[in-house]
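What follows is calculated from the coordinates using simple rules that are stated; it is not laboratory data. From a predicted model like this one, the values you see are computed outputs, not experimental measurements. Neighbour counts are summed over all protein chains in view; Cβ atoms, including those assigned to glycine, are modelled from backbone coordinates with ideal geometry.
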Amino acid sequence: MSQHAVSFSGVEKTYRRPRLLGAAYHTAVKDLSFEIPAGEVTGLLGLNGAGKTTIMKLICGLLFPDAGRVKVFGHAPSGSEAKAKVGFLPELPYFPPQVRPTQALEYYGRLSGLSGAALDAAVEAAMRKTGLEPHAGKRVSEFSKGMLQRLGLAQALLHSPDLLILDEPVSGLDPLAIHDIRQLLAAISAEGRTIFLSSHSISEVEKLCGRVFIMVRGRLERTVRKAEWEAAPGGLEAIFVEAVR
Amino acid sequence: MKKVLSLVWTVSANAFAENVRNRFFTIFAVFAFAAIYASVLAGVMAVDQEARVLADFGLTLMELTALAYALFNASSVLLREAETKTIYLVFSRPVPRWAYLAGKLAGSLLTSALMLAVMGLMHLLLLKLRGFGVPPAYAWALFGSLLKLAVITSFAYFVSLFSTSAVSTLVISGIFWTAGHFAAETRFLAEQSAGAKSLALNAAIWLIPNLQLFNARDAAGFISPAAFLSAAAWTAGSYLGALWLVSRKEF
């Protein structure tokens, strides 16, 4: 296994939006280089439009870089070797309202190459870990936002990925759900898996991560280690505010 | 290979289940029943040609109903998956894009086949109630409709990947379907014309499938191997075009 779960080297991504005459271009990330060591929990902070989601999509192979190189465990992100090791939770995941959580998980489990007894065991484990077991009989249409987020996390955990990419995992959740998800992520991290998460909640990032990237207008402004923000007056929030201002 | 084929099956079974669960499918099924019933009324008015009118009118309505559903589904399914981010959960997994597209297309065609089968049974039941048997070449006629739907559905998938909205996909595919029923007329006009007009009409002959080939009851009472090959070629061509676009598409 590569010692870096993710590596970005001089990555640039520009979006092109067609207009009536010509097109509008927006550079989401520019000259971006960083590494995420395997087994670490790394956070990504930034204001809206800083390029957080773009980075996550580049890692998952949903976007292709215009320049530079992205590697996931030493492989190209669009290849099946990399994708087999990644679990992705997008912001506000959607599931068809008529299905039950186990049906949705069985579908995504099969897409991850699971079948038979292994699939049943993976679905059961994901339901248990995310606290969805008592709601197995409900349909997704009856789910609250917190339960949907848990289901999103369950689908990302199904195939026991080595790398979890979580886009705003605690967005819009109540304090109890946030607490449960934090506990779950801590347990996953203790198993030696790599977690890369983006969030607007600085306190959550502080509690979960060992290292944080601060993005400003598509550039990596600062990399902050836990020891630094623990020693800084005002903690991570003060460092973040100073970086983005 | 077995693993990838299993992925295609998983995507198609899920697409089929979603389509059947979709409220629009129910609406179309109710509409189909009402339309077939209306064909019985039309048959009564046809006096001595009642059996023929009942069969032709019913088959036409079935094809149009299935076409409307297939076009609605094919023009919106990829767009909807991208808008709801469902596609993120698929393409962040080791699912080849060709397998996903093939699965979605197969799911749509299975839905069309089910719609035609259910409507066909309703139609035959209504015919029996009126005292008529199974019309000649009935199964071939339904199979011909399914081949047309395969051609138009794969074309709509292709168009949906570059058009700006589901409505524009519907319109373009609708024009394609209509033009496909005037292949003989287009050929006749191409032979009669000259210059740029002839060039344009000859190009249209190559760029638009001859859907009249699939009207089994107008032809020899069955679908010829040439028609079957034509459907396979057009479906495969549109699929490959869609695959070329989807493999470059970012989400």
| Amide N of region B:6-50 lying under 16 Å from the label point, which is placed 7 angstrom from the Cα of A:Ser141 along Cα→Cβ | B:18-27
| remark: The extension gain from A:Lys226 to A:Ala117, computed as 0.36 nm times the residue separation minus the Cα-Cα distance, is 35.1 nm
| Label-to-label distance, nm, for residues given as A:Ala125 and B:Val44 (7 Å Cα→Cβ offset) | 6.5
| request: Using the Cα centre as the reference, give the magnitude of the dipole from point charges on the C-beta atoms of chain A (Lys, Arg: +1; Asp, Glu: -1; all else neutral), rounded to the nearest 20 debye. | output: 680
| task | For helix A:116-129, report the angle its Cα long axis makes with the longest principal axis of the Cα atoms of chain A; keep it between 0 and 90° and round to the nearest 10°. | result | 70
| said: What distance in nm lies between label points placed 7 Å from Cα along the C-beta direction at B:Leu121 and A:Arg16? | reply: 5.1
| message | Hydropathy at least 1.6 by Kyte-Doolittle, axial extent at least 24 angstrom from the Cα trace: which helices of chain B, defined as entire DSSP H runs, fit? | response | B:23-45
| Dipole of region B:2-248 [Lys/Arg +1, Asp/Glu -1 at C-beta], most positive-end residue of B:Ser12, B:Ala32, B:Gln49 | B:Ser12
| field | region A:219-245 versus region A:157-214: alpha-carbon centroid distance in Å | value | 19
| remark: Relative contact order in percent for chain A (Cα pairs under 8 Å, 6+ apart) equals 25
| said: Compute, for the protein assembly as shown, the length of the dipole vector about the Cα centre, with Cβ point charges of +1 (Lys, Arg) and -1 (Asp, Glu) only. Units Debye, rounded to 20. | reply: 380
| request: Beyond 22 Å between alpha-carbons counts as too far, so tell me which of A:Lys57/B:Lys3; A:Lys145/B:Lys249; A:Lys85/A:Lys207; A:Lys145/A:Lys226; A:Lys52/B:Lys3; A:Lys145/B:Lys85 fall in that bin. | output: A:Lys57/B:Lys3; A:Lys145/B:Lys249; A:Lys85/A:Lys207; A:Lys145/A:Lys226; A:Lys52/B:Lys3
| Contact order normalised by residue count of region A:60-147, Cα under 8 Å, 6+ apart, percent | 27
| remark: Computed for chain B: size of charge dipole around the Cα centre, +1 on C-beta of each Lys and Arg, -1 on C-beta of each Asp and Glu, debye to nearest 20, value 820
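Can you give the extra length, in nm with one decimal, that the chain gains between B:Val30 and B:Thr84 once fully stretched, where that is 0.36 nm per residue apart less the Cα-Cα distance?
Gain on extension, B:Val30 to B:Thr84, equals 16.6 nm.
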| task | Pairs of Cα atoms under 8 Å, at least six residues apart: use those to get the relative contact order of chain B, whole percent. | result | 24
| request: Calculate the spin-label point distance for B:Val167 paired with A:Leu176, positioning each point 7 Å from the Cα along the beta-carbon direction, and give it in nanometres. | output: 4.6
| request: Compute the long axis of helix A:145-157 from its Cα atoms, compare it with the longest principal axis of the Cα atoms of chain A, and write down the angle in degrees, 0 to 90, nearest 10. | output: 90
| query | Put +1 on the Cβ of each Lys and Arg and -1 on the Cβ of each Asp and Glu in the protein assembly as shown; which of A:Leu20, A:Trp229, A:Asn48 then has its Cα farthest toward the positive end of the dipole? | reply | A:Leu20
| query | Angle, helix A:175-190 long axis vs. longest principal axis of chain A, Cα atoms, 0 to 90°, nearest 10? | reply | 80
| query | Taking the Cα centre of chain A as the origin and placing charges on Cβ (Lys, Arg +1; Asp, Glu -1), which of A:Ala122, A:Ser78, A:Ala238 is farthest toward the positive end of the dipole? | reply | A:Ser78
